[in-house]
1. If you consider only alpha-carbon coordinates, what radius of gyration and Dmax does the chain have, in Å?
2. Do the sum for the chain: with -39,500 (n - 2.57) for every DSSP H run of n ≥ 4, divided by all residues, what is the mean residue ellipticity at 222 nm, to the nearest 500 deg cm²/dmol?
3. Quick check of the Kirkwood formula: for the range 49-124, what is the inverse mean of 1/r over all pairs of different Cα atoms, in Å?
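Just so it is clear, none of the values below were taken in a lab; they were calculated from the coordinates. On a predicted model such as this, the values are computed, not experimentally measured, just so you know.
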Amino acid sequence: MKALARIVGIVIAALGLLGLISPSSYVRLGWFWAQSPGLYIAAVLQLIMGLVLLRAAPSSRSPVGLGIVGAFAIGEAVLAPLLGFGKTQVVAKWWAALTPGVLRLWALVGLAIGVLIVLAVAPRRDERGGGRHVMRRADATT
């Protein structure tokens, strides 16, 4: 599950990086999510990402943080389709009206969250086998 959570973190970080590099692409992506079928595609993807993060949270370095991000993703996945296209388009219009600097700040937050997810589920030193090797008598050459 940690490998899937790592992919989720990379995707979130990549979206943040996209917004930093090209705020106009970030806005176009927001418009895609405010229309059919983009709204439903986004909701399904967010639901999957949220479930992956919740399942990976207990064995991560930050179970509470990952659990909060996962729960938020699931909440947003459920709420957006319930609000309907009218409300999501209002949000998309607001998003499109933001200045490139503000969009970049939002993107920076997304990039940071993605990187923190990747770090939270990264293998620990003892899981990688990167601990100190202790030579035993059987290992010694004579």
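1. Answer for the chain, Rg first and Dmax second: 19.8, 79 Å.
2. Working: 6 runs with 111 residues, N = 142.
That comes out to -26500 deg cm²/dmol.
3. Numbers: mean 1/r = 0.0713 Å⁻¹.
Evaluated over the range 49-124, this radius sits at 14.0 Å.
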